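The values are calculated or read from the model by the stated rules, or taken from the named source; none is laboratory data. What you are looking at is a predicted structure, and each value in this text was computed from that prediction instead of being measured. Cβ sites come from the backbone with ideal geometry, for glycine too, and all protein chains shown count toward neighbours.
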Amino acid sequence: VWLMLATMGSFYFAGEELSWGQQIFEWKTPAFFQKYNDQDETNIHNMSSWFDQKPRLALSLWVLVGGIILPIRRRVTGRRYTREDWRYWFWPASFTLPVAVLGIVIRFPEHAEKWFHAPALPWDLRYSEVQELYFAYFLCLYLVTSWIRLRDAPDRV
């Protein structure tokens with residue numbers, strides 16, 4: 001059930017980022033989306049925080065906890081999950097740590113400007129877009145790793 005939810009969430013993430021094909025096929029934005037979408041695209045994540053900021057926060061927490069905190073904790077304590085432990089099947093593999101760290105820290109310059117009035121960096125970069133790239137990579141690694149784990153243990157399916 002969890003992997004199906006993660007897969008559906010990844011499908012939603014990809015579909016929304018591609019504006020459900022508009023970015024590829026370059027169709028004109030339908031009137032409904034022109035009226036309600038603040039970026040004039042065929043997607044819903046630019047229409048409400050419930051389709052943008054809330055899912056982003058949930059994904060950020062998942063990446064922070066499952067991709068950074070727990071792998072570091074496992075490294076420090078020397079604890080390894082075995083196939084008999086439910087956590088082996090649920091949490092991301094430790095090798096996702098670098099991608100998770102990059103996905104979280106990429107927005108630090110943006111936050112430093114906003115919270116601490118730090119000077120802007122000399123380049124114009126939409127940090128949220130780069131973060132989305134790292135999050136997508138993290139999700140891909142997580143799902144592929146989960147598939148490999150399941151493939152190698154058919155009795156768990």
Counted residues, the range 106-154 - those being surrounded by 12 or more Cβ atoms within 10 Å (Cβ to Cβ), closer than 17 Å to Trp91 by Cβ and not hydroxyl-bearing (Ser, Thr, Tyr)
10
Can you name the number of the only condition in (1) farther than 17 Å from Leu139 by Cβ; (2) touching an Asp or Glu at 6+ places or on another chain (Cβ under 7 Å); (3) of a type outside the set (Gly, Ala, Ser); (4) at pLDDT below 90 that Trp27 fails?
(2)
Counting only residues that are closer than 21 Å to Ile68 by Cβ and free of Cβ contacts under 8 Å to residues at least 24 places away in the same chain, which one in the range 106-127 is farthest from the chain's Cα centre (by Cα)?
Trp115
